[in-house]
Amino acid sequence: MTLAIFALILCFLVFGSNVVIELIQKKSREKAGESIIKEPWVEIHNIPGYHDARKVAAFYPLKGEANILPIVEELAREGRLLLPRCTGESTMEFYPISNLRKELEKGAFGIQEPKANIEPWTGDIPIFLVPGTQFNWDGSRKGHGKGYYDRYLAKHPKSYKAGLATPKQITDEPLEQKENDIKMDSIIACRERF
């Protein structure tokens, strides 16, 4: 133990505190599995048709889900954001959102959802940024078990579907899939929302 402390002090003296802090942060990221995170914002912006898409369906992340708030905020500012709201026991719709503070409220399951006075989007949705509880790099996805996204995505077979996941949510093990489970076109690793 004293040897480790001596080595740490020596590193501080020789390399300076910034280098040592960066090494410690790098090691902690590797332990958390964050080494699989590349450039999620670049990956999202590189989704085919992303820049030309009139609307992009996304989600407001819960704690423990992929933190895509910067993308959600960007899409809202651009007037391109669609967010879901549960509309029934097993249904949801997507709604156009341009102001996160004014147009959202806490809804079903404690999720920030569009307010009830907003009309659902009835136009084309070329891109979906999809949450889940578990993903595999082959595009397999597990949700929360209610099938909201699978039913909705089934209505949009030609849309691009990107699963957004934290390193903890991505597995190399095959995921058991049901007949109605919808595969993602890509999986993008993001940092977790705390």
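Of note:
- Enumeration of residues in the stretch 113-135 that are over 23 Å from ASP52 (Cβ atoms) and under 14 Å from the mean Cα position of the chain (by Cα): PRO131, GLY132, THR133, GLN134, PHE135
- Residue match in the stretch 31-44 (condition: modelled with pLDDT of 90 or more and surrounded by fewer than 12 Cβ atoms within 10 Å (Cβ to Cβ)): yes
- Whichever residue in the stretch 55-92 is of a type in the set (Ser, Thr, Tyr) and out of contact with any strand residue (DSSP E or B) (no Cβ under 9 Å at 6 or more places or on another chain) and, among such residues, is modelled with the highest pLDDT: THR91
- Count of the stretch 125-148 residues, restricted to those that are modelled with pLDDT of 95 or more, part of a loop (DSSP other than H, G, I, E, B) and in contact with a Ser or Thr (Cβ under 8 Å, 6 or more places away or on another chain), is 3.
- Candidate set: the stretch 158-190, residues that are out of contact with any Gly (no Cβ under 9 Å at 6 or more places or on another chain) and not in a loop (DSSP other than H, G, I, E, B); chosen: the one surrounded by the fewest Cβ atoms within 10 Å (Cβ to Cβ): THR171
- Checking LYS155 against (1) surrounded by fewer than 19 Cβ atoms within 10 Å (Cβ to Cβ); (2) closer than 12 Å to LYS183 by Cα; (3) among the charged types (D, E, K, R), the condition it does not meet: (2)
Listed here are the residues, each with its yes/no results for (1) open to solvent by less than 30 Å² (accessible area, probe 1.4 Å); (2) part of a strand (DSSP E or B); (3) small (Gly, Ala, Ser).
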site: ARG77; (1), (2), (3): no, no, no
site: PRO84; (1), (2), (3): yes, yes, no
site: LYS102; (1), (2), (3): no, no, no
site: ASN117; (1), (2), (3): no, no, no
site: GLY123; (1), (2), (3): no, no, yes
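- Residue within the stretch 135-151 that is surrounded by fewer than 18 Cβ atoms within 10 Å (Cβ to Cβ) and touching a helix residue (DSSP H, G or I) at 6+ places or on another chain (Cβ under 6 Å) present: yes
The values are calculated or read from the model by the stated rules, or taken from the named source; none is laboratory data. Keep in mind that this is a model prediction, so the values were computed, not measured. Because the Cβ atoms are built from the backbone with ideal geometry, glycine has one as well, and the counts that use them run over all protein chains shown. Each accessible area value is taken on the protein alone, full model and side chains, heavy atoms only, with ligands, DNA and RNA left out. Shrake-Rupley method; radii C 1.70, N 1.55, O 1.52, S 1.80 Å.
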